[in-house]
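What follows is a single structure, written as structure tokens, with notes after it.
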Amino acid sequence: MSASGYAVLAEGVVKRYGGRKGAAEKRALDGFDLAVRPGTVHGLLGPNGAGKTTAVRVLATLLRYDAGRVEVAGLDVAREPRGVRGRIGLTGQYAAVDEVLTGRQNLEMFGRLFHLGRAGARRRAGELLERFDLVEAAGKGVTEYSGGMRRRLDLAASMILAPAVLFLDEPTTGLDPRGRGEVWDAVRALVAGGTTVLLTTQYLDEADRLASHITVIDRGRAIADDSPDGLKDRVGGDRIEVVAAEAADLPAVAKAVGRVAGGGLVVTDDTGRRVHTQVSDRVAALTEVARALQDEGIAVEDIGLRRPSLDDVFLRLTGHGTDLEVAA
Amino acid sequence: MTALELNAHTGPERSRAHWLLADCWNITRRSLTHYQRQPLAIVWQLGFPIVSVLLYGYVFGSAMKVPGGGDYREFLMPGMFATTMTMGFMSTAMAVVTDAGKGVIDRFRSMPMAPSAVAVGRGAADLVVACAELTILALTALAIGWRAGGGPLEAAGAFGLLLLLRFSLIWVGVWLGLMVPTPESAGGLYAVAFPVTMISSALVAPSLMPGWLGTAAAWNPVSSTVTAARELFGNPVASGGTWVEEHALLMALVWPLVITLVFLPLAVRRFQRLSR
Ligand SMILES: Nc1ncnc2c1ncn2[C@@H]1O[C@H](COP(=O)(O)OP(=O)(O)O)[C@@H](O)[C@H]1O
Ligand SMILES: [Mg+2]
């Protein structure tokens with residue numbers, strides 16, 4: 001795909017905001033590195049304000065950067081922005097479709113602006129409406145669309161050229177679970193077609209489900225770069241958590257939980273009644289602990305599984321939580 | 001869902017100039033499709049000038065005198081035409097700020113299309129709408145007795161000058177649309193636009209205003225277009241005899257040129273600043 005062999009390559013990218021007219025300078029990207037292999041889904045995981053949108057906008061030629069090197073689909077972004085634009089698709093943080101037009105009119109308009117020609121644009125719009133399950137809504141104005149439908153139309157618009165690299169900036173933020181599922185299905189189908197996807201998200205489970213590789217970004221810098229499993233191993237994977245009804249039962253509960261502990265510690269937290277540990281097979285662990293507790297007649301107040309959250313990741317990787325300033 | 005084939009779609013090979021024109025036309029077409037999808041919007045947009053013509057013509061008309069004589073309604077119509085052209089920059093600004101807020105402009109910028117088409121196509125659509133507005137206004141004016149006595153060529157020239165004013169204000173609209181953060185705040189621009197049209201010769205001859213206000217009104221670019229249109233239409237002019245009023249035809253060309261020379265680069269710069 002390129003000399004580097006990566007679909008996206010960013011090295012030491014710096015993006016400064018402000019610093020003029022006395023405004024304090026702010027580094028939205030501060031030596032940001034990223035390498036995305038062709039044909040994969042790569043997750044860019046970070047809390048609000050970490051620099052995800054800035055990174056995507058730099059990669060998608062929308063924003064100039066102050067230092068570093070960026071290559072997308074084999075082309076230097078600063079030197080050949082127009083060439084890059086012909087090879088990428090972008091779905092921004094907010095659905096960028098024309099609200100007044102119908103779904104079909106949107107896709108045909110963008111298709112013509114992608115220089116497919118009139119007939120080509122019409123044909124492509126038809127294909128994409130079918131692919132994204134929007135045929136029935138094709139003639140309706142976008143204002144009548146649900147959040148999930150709007151997002152799907154947005155995705156379809158960014159897929160008009162069947163781009164080599166697709167950028168998705170928080171594609172499921174603000175969607176209900178059904179909408180999220182719809183978008184996830186669409187993303188999986190895209191990758192099956194060979195597109196490289198860079199997806200930003202605030203949700204570890206979303207990155208886990210879709211991405212084969214995850215870069216964690218914090219304050220404009222990549223602080224971890226790993227497979228989802230590798231990352232979860234470092235953070236501590238899924239956990240089982242039992243709350244004993246009586247403090248006196250605690251040792252027995254800890255023993256039952258200890259049986260499924262995947263090599264990690266069994267932790268009793270300071271409330272004095274909650275016990276948790278890391279597990280590898282979630283469902284089997286839950287079944288086994290529940291059965292053991294029942295066999296011994298121990299009453300529990302609560303038992304459940306917990307996936308590590310972005311907060312857990314940050315606590316482990318940076319020593320601070322995700323309590324950065326809340327930003328756009 | 002099935003997998004989507006890669007790179008299955010590329011357009012026909014054409015020259016750069018061809019695609020520039022095509023991009024502009026597609027943006028124009030999009031803006032015009034908006035009106036087709038929102039018939040009520042066009043009813044409002046075209047209905048407002050009609051109502052204004054009737055309101056000013058009959059409510060004010062009965063009390064207004066034209067210095068130097070002449071029928072007020074005859075005097076008023078070119079003023080109403082120019083006022084409508086001037087207020088048109090609001091719809092340009094609204095359209096631009098809405099697109100910018102929704103990320104539609106970002107999407108355009110991430111595509112291999114000509115960046116200039118975003119503004120040029122928008123402007124072309126605005127001019128089409130302006131022609132429709134002028135047609136409706138002229139028909140209304142004719143219905144209430146206004147006549148262009150100056151001959152067809154002169155009338156065409158007057159309409160040309162009105163469109164030239166609207167053209168120059170496209171760039172003001174694009175620039176403002178990229179400056180203001182939300183469509184709601186763009187609505188506040190009415191508070192600026194309204195006085196600009198009032199402090200001109202559109203409704204009242206500047207010579208009837210207090211000294212400084214009259215001077216400001218005479219030098220208002222809107223006034224030059226209004227006065228030039230009055231001359232060309234053969235309507236009462238009511239010139240106060242100042243230099244700028246006596247050279248209205250010239251100034252009706254100069255002002256739009258100056259506005260374009262100032263605001264076109266500003267709009268372009270603002271557009272480029274999106275990538276900072
Ligand atoms: N136009 C801007 N001007 C100044 N600061 C900005 C601008 N855009 C983003 N920032 C700052 O850069 C940082 C990263 O923002 P962003 O890339 O939007 O983060 P994310 O998408 O991860 O939430 C934030 O601290 C934000 O306040
Ligand atoms: Mg963001």
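The values are calculated or read from the model by the stated rules, or taken from the named source; none is laboratory data. Keep in mind the model is a prediction, meaning the values are calculated, not measured. Neighbour counts are summed over all protein chains in view; Cβ atoms, including those assigned to glycine, are modelled from backbone coordinates with ideal geometry. Keep in mind that these areas ignore ligands, DNA and RNA; they rest on the heavy atoms of the full protein, side chains included. Shrake-Rupley method; radii C 1.70, N 1.55, O 1.52, S 1.80 Å.
Miscellaneous remarks
- Odd one out for A:Val84, checked against (1) more than 16 Å from ligand 1 (Cβ to nearest atom); (2) more than 23 Å from the chain's Cα centre (by Cα): (2)
- When A:Ala138 is tested against (1) more than 30 Å from A:Leu9 (Cα to Cα); (2) touching a strand residue (DSSP E or B) at 6+ places or on another chain (Cβ under 6 Å), only condition (2) is not met.
- Close pairs (8 angstrom Cβ cut-off, 6 or more residues apart or separate chains): away from ligand 2 (no atom under 12 Å from the Cβ) in the stretch A:166-177, among the aromatic types (Phe, Trp, Tyr) anywhere: A:Thr172/A:Trp184; A:Thr172/A:Tyr203
- Considering the stretch B:26-78, the residues that are of a type in the set (S, T, N, Q) and more than 19 Å from A:Gln105 (Cα to Cα) include one that is most open to solvent (accessible area, probe 1.4 Å), namely B:Ser62.
- Residue satisfying all of: in the stretch A:39-62; open to solvent by 20 Å² or more (accessible area, probe 1.4 Å), within 11 Å of another protein chain (Cβ to nearest Cβ) and over 13 Å from the mean Cα position of the chain (by Cα); farthest from ligand 1 (Cβ to nearest atom) among these: A:Gly39
- Of the helices (runs of 4 or more DSSP H) lying entirely inside the stretch A:63-174, the ones with 3 or more residues being at the interface with another protein chain (Cβ under 10 Å from one of its Cβ atoms) and more than 20 Å from B:Asp23 (Cβ to Cβ) are found at A:118-131.
- Residues in the stretch A:200-230 that are in a helix (DSSP H, G or I) and over 14 Å from the mean Cα position of the chain (by Cα): A:Asp229, A:Gly230.
- Scan of the stretch A:264-318 for residues that are among the β-branched types (Val, Ile, Thr), surrounded by 16 or more Cβ atoms within 10 Å (Cβ to Cβ) and over 30 Å from A:Asp225 (Cβ atoms), ordered by number: A:Val266, A:Thr268, A:Val275, A:Val289, A:Ile298, A:Val300, A:Ile303
- Residue that is most open to solvent (accessible area, probe 1.4 Å) [pool: residues in the stretch A:187-224 that are over 26 Å from A:Ala67 (Cβ atoms) and within 15 Å of ligand 1 (Cβ to nearest atom)]: A:Tyr203
- Count of the stretch B:182-199 residues, restricted to those that are open to solvent by 30 Å² or more (accessible area, probe 1.4 Å), outside any helix (DSSP H, G or I) and touching a residue at least 40 places away in the same chain (Cβ under 8 Å), is 1.
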